[in-house]
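The values are calculated or read from the model by the stated rules, or taken from the named source; none is laboratory data. Model, not experiment: these values are computed from the prediction. Cβ sites come from the backbone with ideal geometry, for glycine too, and all protein chains shown count toward neighbours. Just so you know, the surface numbers come from the protein's heavy atoms only, side chains and all, with ligands and any DNA or RNA stripped out. Shrake-Rupley method; radii C 1.70, N 1.55, O 1.52, S 1.80 Å.
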Amino acid sequence: MENKNQVEASILEVSTLTCIDLADPDLHQSAVLLKQACSDTGFFYVINDGIREELNDQAFEQSKKFFALPLEEKMKVLRNEMFRGYAPLCDQLLDPKNQVRGDYKEGFTIGTEGPKNGPHRDNPLYSPNIWPNPG
């Protein structure tokens, strides 16, 4: 069980994130906050996004299952030339001028689903996603 200081530290850390409220009618202010958050820390918290909590829970559950798989299984959906799929630990080097090794994280990239032979097939923003086998 967490002690009171740990809980307070967690609350403090979250409270320093910029909060973007998608229900706020002042779109200009939301855009200003979003730009500032991306420029300052690269992180922000979104509320009132309209996504059902059950769907969020299901997505997190599937994510936990995938990242708990053995590396051999995750490598079957290795990120392709369209940047879709699994990125292993230390695979992404996002700041090559200041980094010797890749980032200490794993990732799985998906995007807008596009057909294999559609008009935008060469555009990574509209590529087909690759998915692990269910099971």
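The table for this structure:
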{"read-out": "Length-normalised contact order of the stretch 29-108 in % [C-alpha pairs under 8 Å, at least 6 apart]", "value": "16 percent"}
{"read-out": "Top of 35, 65, 76 by mean-square fluctuation, Gaussian network on the chain, Cα under 10 Å", "value": "35"}
{"read-out": "Counting DSSP beta bridges with both ends in the chain, the antiparallel % (nearest 5)", "value": "40 percent"}
{"read-out": "Max mean-square fluctuation residue, GNM over the chain, Cα-Cα springs under 10 Å, options 92, 29, 62", "value": "29"}
{"read-out": "For the stretch 29-83: rounded, prolate or oblate by the Cα gyration tensor [a/c cutoff 1.5]", "value": "oblate"}
{"read-out": "Förster radius 22 Å - calculated FRET efficiency between residue 23 and residue 54, Cβ distance, rounded to 0.05", "value": "0.65"}
{"read-out": "Per residue accessible area of the chain, 1.4 Å probe, in Å²", "value": "82 Å²"}
{"read-out": "Of the chymotrypsin sites (Phe, Trp or Tyr not before Pro) in the stretch 23-87, those whose Cβ has at most 10 other Cβ within 10 Å and which sit in DSSP loop", "value": "43"}
{"read-out": "Given charges at Cβ of Lys, Arg, Asp, Glu: the stretch 19-82 dipole, positive-most of 48, 70, 29", "value": "70"}
{"read-out": "Calculated FRET value between residue 73 and residue 31, using beta carbons and R₀ = 35 Å, to 0.05", "value": "0.30"}
{"read-out": "Counted charge near residue 34, where neighbours are those whose Cβ lies closer than 15 Å (Asp, Glu -1; Lys, Arg +1)", "value": "-4"}
{"read-out": "Residue 63 accessible area, 1.4 Å probe, all protein chains in place, Å² to nearest 10", "value": "50 Å²"}
{"read-out": "GluC sites (Glu not before Pro) within the stretch 18-124: DSSP coil, no more than 16 neighbouring Cβ in 10 Å", "value": "81, 106, 113"}
{"read-out": "Percent carbon-and-sulfur accessible area, the chain, ignoring ligands, DNA and RNA, probe 1.4 Å", "value": "57 percent"}
{"read-out": "For the stretch 88-135: rounded, prolate or oblate by the Cα gyration tensor [a/c cutoff 1.5]", "value": "oblate"}
{"read-out": "When the convex hull of its Cα atoms is projected in every direction, mean area for the chain (nm²)", "value": "12.8 nm²"}
